[in-house]
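Just below is one structure, and these are the notes that go with it.
The values are calculated or read from the model by the stated rules, or taken from the named source; none is laboratory data. Just so you know, these numbers come straight off a predicted model, no measurement behind them. Here the Cβ positions follow ideal geometry from the backbone for every residue, glycine too, while neighbour counts run over all protein chains shown. Only protein heavy atoms, including side chains, enter the accessible area calculation; ligands, DNA and RNA are left aside. Shrake-Rupley method; radii C 1.70, N 1.55, O 1.52, S 1.80 Å.
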Amino acid sequence: MEQSSGGGGEVAAKRPDLSLSGANAGEDFLSALPDDILVLILVRLDTITEAARTSVLSRRWRRTWALLPELKFRSAPDHRHIREILGLARLTVRSESLLEMDLFRVNGLQQLNVDAPLLNIFLLRYCLTRDQPQPIANISAPRLITLIWMDVYDPSYVHLGNLGQLQQLSPNVIVVYGNHHSGHNREILRFLQHFQVIHNLTIVLGYPQGDIGNFQYLMEDITRLPHVTFLTLLVMNEGHAFGASSFHVLRLCTGIRKLSLILLPRCNSETQSTCPSGCICDESANWKIESLSLNCLREVEITDLSGAECEVAFLKQLFKWAGVLEKLRITFDYSVSKSKAKEVCQRLSSISRPETLIEFCMYRNSGRGYMDFLSLKDEGTRADCHWLCIPVET
């Protein structure tokens, strides 16, 4: 491609005629562009599948997709096409420029090799299959900062290499109630044992839907966590009490400085919102009387609080454990009414420490686009006392 330091007219004069009716009809000017320009074109495509399809255009395009700074693999609806082009029973990625890679439900993946010295973000979710005797993964990414590994793990076959710069880690969902013989949580423990110190750890606690009376409590399979500064705890409790499982996590990382507790909605909104009387979820009540010192915890954020009794019971204990808590911010679930929110605010304000700044927020108009601080100035509480409409980040 010719370049000119002159005015726009000179550049226009040298621009080739790309029309099909011109003298150069039939010539492939697009393939003649530099790699950097071709990569910019491919970046505008939604998925690696679409980018890989360009490999059939010409020999020039065959491996251009491999230069992308970000690879996103999605199985549905075109996972067959991905496997046909890339041969994803065994996937090898070697790149000197790749910064982000996302593999999601790439069905049938048996072997994964990644050698990417500049890779910062790597997501692997539901790709390696347990049906194979040895799902193998070899990951070499010395500059990796964020790792989301929601997949099978066996240190005999999965090698993560040197991850000395890793700061953010998210393992697979920890199952609170299930069958001991599955070994799911023990597999997660083996994965977590690979890491000693993590700045930001995300833990997801999953409860079965419906009756859990025939299941066993599996949290005891998790015996250690890395040293953590910032803990994000996502709870999918399906209406069950979650105090015991959350207590178990917190006692394994007592040095945290910030806790973000996110109460995820039920998978099926039509199911019963609370567990039946006598449910085994509240049988492990020792967490309410056992001592726990979270002497480094300064800030807590709780998202999508509904005001259920199990939530209030957990917060009551949290106030006891976090003796130096400076700030607590609670965002109510969008379905909570203002009157219900104020009732919960009054209960929590009455049991919190005077030195703890508490902010209560509500979504505006039962939507998630904006939320307001809930004013309790006239209610005799210590909650934040002003209305402010703020946009919610998406």
Among all residue pairs at least 6 apart or on different chains, which show Cβ distances below 7 Å where the first residue, located in segment 149-173, is of a type in the set (D, E, K, R) and the second is part of a loop (DSSP other than H, G, I, E, B)?
Asp151/Tyr126; Asp151/Cys127; Asp151/Asn172
Residue count, segment 106-127 (criterion: open to solvent by 50 Å² or more (accessible area, probe 1.4 Å) and out of contact with any strand residue (DSSP E or B) (no Cβ under 7 Å at 6 or more places or on another chain))
2
Checking Phe373 against (1) modelled with pLDDT of 85 or more; (2) over 25 Å from the mean Cα position of the chain (by Cα); (3) hydrophobic (A, V, I, L, M, F, W, C): exactly one of these is not met. Which one?
(1)
Residue satisfying all of: in segment 281-311; among the hydrophobic types (A, V, I, L, M, F, W, C) and in a loop (DSSP other than H, G, I, E, B); surrounded by the fewest Cβ atoms within 10 Å (Cβ to Cβ) among these
Ile289
Kindly provide the set of residues from segment 326-342 that are closer than 18 Å to Ile262 by Cβ and not in a strand (DSSP E or B), ordered by number.
Asp333, Tyr334, Ser335, Val336, Ala341
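Can you tell me which residues in segment 92-118 are among the charged types (D, E, K, R) and at negative phi?
First pass over segment 92-118, keeping only residues among the charged types (D, E, K, R): 94, 96, 100, 102, 105, 115.
If the condition is that a residue be among the charged types (D, E, K, R) and at negative phi, then Arg94, Glu96, Glu100, Asp102, Asp115 are the ones that fit.
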